[in-house]
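Following: one structure in structure tokens, then a few remarks.
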Amino acid sequence: MDAEVFLTHSNISEDDVHDRTVVVIDVLRACSTIVTALDRGARAVMPVVDMAQAGKLASNLDPNVYRLGGESGGEKIEGYHLGNSPQEYTRDVVEGRDIILNTSNGTRALRRVKEADTLVAACFLNAGRVVDFVRETADAVTIVCAGRQNRLALEDTLCAGLLLDRLWDGHEPYPVTDSAHTAYTLYHTDREGLENALWGANHAEQLARQDYEEDLDYCFQVDAVPVLPYYAENRLRLYEETVSAAHPVAPLQGSFGHLFAASPTVSRLNINPPNSF
């Protein structure tokens, strides 16, 4: 299996993902939240890059069928229904609803590679499902680690290494790129003490200080939620639901592609959650 790895999303271009199967990893916590929301019945997750884009999209949707989720600095954004903790995305909150998700790293990584031929979201929770999908559908894969603040994130790199270890059946091929070798080697170095390595990551330590230890326990579980978020038409849905549709995925209640254009950041989203939430 030919594999390329980007250790952050900040330097990737459209040419890097053209005609490629791309796997985006954000362990803490966007992809873990996406996996959880879809597993618990969310209709779709729509990743956005900032609050302005989220507001434009929300203004065109029925307030009863969507929830705004996201974080800034790890904490829930004022005016949003949900933060970026997967624990918040319970079945009674998300089932049958669309989630508009705005995070510091993961959703931006997903939007940056949206022109990929095939795009899926990965984390430790669904690692096995992602590996099975790539093996069944592709001869080559590009793994994009979201990273943190445009820098390497240890948890994402270790997850990439886990995926490579399984895709390569534990035997690194030759030659491979430096970044793929780095992820694979780091995982092999830490795999016997993987949990300790993950808890020692900078991002994990920050979330622990913010009292998100339960999120860390949850997000570091391997193969606990075997679902596959598949990106099409500006949203992620369960892969099985996407391919079983008789027709291509319909646009979001109309042709809203223009709502995903880059927009300037605003300080606060002027949308109030429904009182019933």
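Projecting label points 7 angstrom from Cα along Cα→Cβ for residue 192 and residue 60 puts them 5.5 nm apart. Selection among 218, 239, 70 by position relative to the dipole of the chain gives 70 as farthest towards the positive end (Cβ unit charges, Cα centre). Shown for 19, 39: other C-beta atoms within 10 Å of each C-beta, ranked fewest to most, produce the order 19, 39. Cβ-to-Cβ counts within 10 Å put 43, 151 in ascending order as 151, 43, the fewest first. Footprinting exposure proxy ranking of 220, 133, fewest other C-beta atoms within 10 angstrom first, gives 133, 220.
The packing ranking, built from the mean of other Cβ atoms within 10 Å per residue, places the peptides 208-218, 117-127 in the order 117-127, 208-218, highest first. Suppose we keep just the DSSP beta bridges with both residues in the chain; what percent of those would be antiparallel, to 5? Among the beta bridges of the chain, antiparallel pairing accounts for roughly 25 percent.
Rg over Rh for region 70-180 works out to 1.00, using Cα positions for both radii and the Kirkwood form for Rh. Mean sequence separation of contacting Cα pairs (under 8 Å, at least six apart), scaled by the length of region 1-139, corresponds to a relative contact order of 40 percent. With each label modelled as a point 7 angstrom along the Cα→C-beta vector, the residue 240-residue 217 pair spans 2.9 nm.
For the pair residue 136 and residue 233, label points projected 7 Å from Cα toward Cβ lie 2.2 nm apart.
When you restrict to C-alpha pairs under 8 Å that are six or more residues apart and normalise by the size of region 2-256, the relative contact order lands at 31 percent.
Per-residue ellipticity at 222 nm, computed for the chain from helices alone with -39500 (n - 2.57) per DSSP H run of at least four residues, works out to -9500 deg cm²/dmol. Remark on the chain: 145, 159, 219 stand apart, with no other cysteine beta carbon under 4.7 Å.
Of the DSSP beta bridges with both residues in region 37-187, give the percent that are antiparallel, rounding to the nearest 5. In region 37-187, DSSP labels about 20 percent of beta bridges as antiparallel.
For region 2-256, the dipole from Cβ point charges (+1 on Lys and Arg, -1 on Asp and Glu) about the Cα centre works out to 760 debye, to the nearest 20.
All of the numbers you see were taken from the coordinates with simple rules; none came from a lab. Since the model is a prediction, treat every value here as computed from it, not as a measurement. Neighbour counts run over all protein chains shown; Cβ positions are idealised from the backbone, glycine included.
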